[in-house]
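Below is one structure, written out as structure tokens; the observations come after it.
The values are calculated or read from the model by the stated rules, or taken from the named source; none is laboratory data. Quick caveat, the model's predicted, so the values are computed rather than measured. Every residue, glycine as well, gets a Cβ built from its backbone with ideal geometry; the counts of neighbours run over all protein chains shown.
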């Protein structure tokens, strides 16, 4: 190739550029493949729905009290006969299409506040699951942020969940 042959020089640079791009692509593909190959799968829809279902609202405690459930000390599972008591809540929800259910868990101030609040939330989730099992629309059943009760009342009052029908 002589100095006057510009076409050959341009062709050579184009070929070298293509070879360089191919090498970078090959090396990049090998690096990606060695690190796992695929991007992580998107989270399942059920997990997203469960997270949304457990979202806590901070609405004032109002509305008609439909169901009141008491729990054992440090337990969040429903008594066997308590699940049947959820039917009135789902029936009231079906009869009032413009309303929704708000489920509020309560706890007392004794012990670890974080544990008590989480236990009150788990109790409310148990009640919500029982109401949904009776056919209630999940989009119209919400969980309220757990609330601490005052000392001095009966101890079982601090271990309750209330279901209210609200606008």
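One line per residue, one yes/no per condition, for (1) touching a residue at least 60 places away in the same chain (Cβ under 8 Å); (2) in contact with a helix residue (DSSP H, G or I) (Cβ under 7 Å, 6 or more places away or on another chain):
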| site | (1), (2) |
| --- | --- |
| 121 | yes, no |
| 124 | no, no |
| 132 | no, yes |
| 142 | yes, no |
| 150 | no, no |
| 160 | yes, no |
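For every residue, the table says whether it meets (1) at pLDDT 80 or above; (2) assigned by TED's automatic domain parsing to the domain that holds residue 105.
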residue	(1), (2)
2	no, no
11	yes, no
26	yes, no
29	yes, no
36	no, no
49	no, yes
53	no, yes
Worksheet item: Just a yes or no: is a residue in segment 143-150 within 21 Å of residue 80 (Cβ to Cβ), in the same structural domain as residue 65 (by TED's automatic domain parsing) and modelled with pLDDT under 90?
Response: no
Practice prompt. Could you please give the count of residues in segment 127-167 that are crowded, with 20+ Cβ neighbours inside 10 Å and outside any strand (DSSP E or B)?
Written response: 7
Discussion item. One residue is enough: does segment 63-73 have a residue meeting the conditions assigned to a loop (DSSP other than H, G, I, E, B) and over 21 Å from residue 153 (Cα atoms)?
Written reply: yes
Discussion item. I'm trying to understand the selection: among the residues of segment 77-126, which are assigned to a strand (DSSP E or B) and under 17 Å from residue 157 (Cβ atoms)?
Written reply: 103, 104, 105, 106, 107
